[in-house]
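What follows is one structure encoded as structure tokens, with my remarks underneath.
Every number here is computed from the coordinates shown, using simple stated rules; none is lab data. All values derive from a computational prediction rather than experimental measurement. Cβ placement follows ideal geometry from the backbone for every residue including glycine, while neighbour counts extend to all protein chains displayed.
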Amino acid sequence: MKRFAFAVLFAAALAAAAADAGQVTLRLGNNQPETQVWNVGIRQLQDAVAKYSGGRLEIINYPNATLGAEPELAESCKEGTLDMFIGDPTVGTTFCKELELFALPFLFRDYGHWQKALDGAPGKKYAALIEERTGLKILGYWGGSARQVISVRREVRTIDDFKGFKLRLAPSKLKTDVWKAIGTLPVTIAFGETYSAMASGLCDGMENELPAILANKLYEPAKNLTLTGHEITVRPMFINAEIFNGLDKDIREALVKAMAEVTPVARKLESEAGDTARAEMTGKFEVKVFEIDKNPIIRATAGVFGEFGESTGLTALIKEFQDFR
């Protein structure tokens, strides 16, 4: 925490210095390495905001958990000590249950449905709801790769192979409920500690998108990949709403325009990176791939949808996402 506090204070000092110089600076945090696709997209976003703001707006990116782990980043963005954050929204469950919505398995039929629903009325309604309840404004939805399961020793070929499986999860009640329904024994472990947890036997495996698995070399202790495809990832680009609303109108417009331009590019990068990561892990690092019948998983988790919808008041919005054409 000392390292985190120092990093935040240092970043704030840089921002203050930039403001004195007449330049608007926004600090953006994430937990992924610089080579991961979010950070590739962020570099394009930095160029776009500079172009559309005439050089007045600068985004300084802090990747690789420089400013803290994902829960700390989400909390800091909510409190306004960090301007922007991109990551798994479920890490905000401590202050907003609704941020877990996209952990519902098989919420989207396919990639096309995912894209249309997020860009359409359901995505706009959800963004408005989150801003009202948290003060976090969603500038755009990134992500787009499917989440799969990797395991250390056990080959997961059917739902029965998940029985007693110690699965690493982010701290999320909904994720825990989903994977308990499937038969696993969920273990809450910070993302940065997952490699050592799998290597030491603290957990049997984890679920994540393939670009992140490749970028963080999580295939090294876990050589078995099961194509569950249980989520198409949604990674909102958050900004503190009060900070956003405090920007000059032309700066806000430049940021929104840059996000609209870069978001399709970032999605394409991540979608393609999923295919590339799979090919590299199987071809270069000898990861074994297993197909699985998804229907038993869908049946096992059906009850979780109803429970989550009732507890959050999102039942109607969940159906709107599911039915969107």
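In sequence order, the stretch 282-296 has phi-based couplings of 7, x, 9, 10, 6, 7, 8, 10, 10, 7, 8, 6, 7, 4, x Hz under the Karplus curve 6.51 cos²θ - 1.76 cosθ + 1.60, θ = phi - 60°, and Gly or Pro positions carry x.
Can you flag which of Lys125/Lys175; Lys78/Lys217; Lys137/Lys294 are past 28 Å Cα-Cα? With Cα atoms farther than 28 Å apart: Lys78/Lys217; Lys137/Lys294.
Look at the Cα gyration tensor of the stretch 141-222: its axes a ≥ b ≥ c give a/c under 1.5, and that counts as rounded.
Computed from the C-beta positions of Phe95 and Glu307 and an R0 of 30 Å, the FRET efficiency is 0.90 to the nearest 0.05.
Here's the picture: charge each Lys and Arg Cβ at +1 and each Asp and Glu Cβ at -1 in the stretch 213-325, and of Val289, Ala302, Thr315 the one pushed furthest to the positive end of that dipole is Val289. For the stretch 198-299, the C-alpha radius of gyration sits at 1.46 times the compact-globule guess of 2.2 N^0.38 Å, with N the residue count. Against the chain, whose longest principal axis comes from its Cα atoms, helix 2-20 is set at around 30 degrees.
Beta-bridge orientation, the chain: approximately 55 percent antiparallel, per DSSP, counting only bridges with both partners inside.
Once backbone amide H atoms are built at 1.01 Å from N, Trp142 has Arg235, Met237 as its partners under 5 Å, excluding neighbours fewer than 5 places away on the same chain.
If the stretch 77-168 were replaced by its equivalent ellipsoid, with semi-axes equal to the square roots of 5 times the Cα gyration tensor eigenvalues, what would those be, largest first, whole Å? Three semi-axes, in Å: 29, 18, 11. Computed over the chain with a Gaussian network model linking Cα atoms closer than 10 Å, the most mobile of Gly123, Gly144, Gly309 is Gly309. So for the stretch 32-115, Kirkwood radius off the Cα pairs, Stokes-Einstein at 20 °C and 1.002 mPa s: how many µm² s⁻¹? My calculation gives 145 µm²/s for D. Where only DSSP H runs of four or more residues are counted, the chain gives -15500 deg cm²/dmol as its mean residue ellipticity at 222 nm, each run worth -39500 (n - 2.57). Once the chain from Gln23 to Leu227 is taken as fully extended at 0.36 nm per residue, the excess over their C-alpha distance is 68.8 nm.
Looking at the stretch 167-211, the pairs of alpha carbons with a distance over 12 Å make up 58% of the total. Derived scalar couplings between HN and Hα for the stretch 31-42 equal 9, 9, x, 4, 7, 5, 4, 4, 6, 5, x, 5 Hz in order, rounded to whole Hz, by the Karplus curve 6.51 cos²θ - 1.76 cosθ + 1.60 (θ = phi - 60°), x for Gly and Pro. Pairwise Cα distances in the chain exceed 32 Å in 27 percent of cases. Straight-line reach from Lys249: taking Cα to Cα under 20 Å and skipping same-chain neighbours fewer than 8 places apart, the aspartates and glutamates in range are Asp20, Asp47, Glu58, Asp83, Glu131, Glu261.
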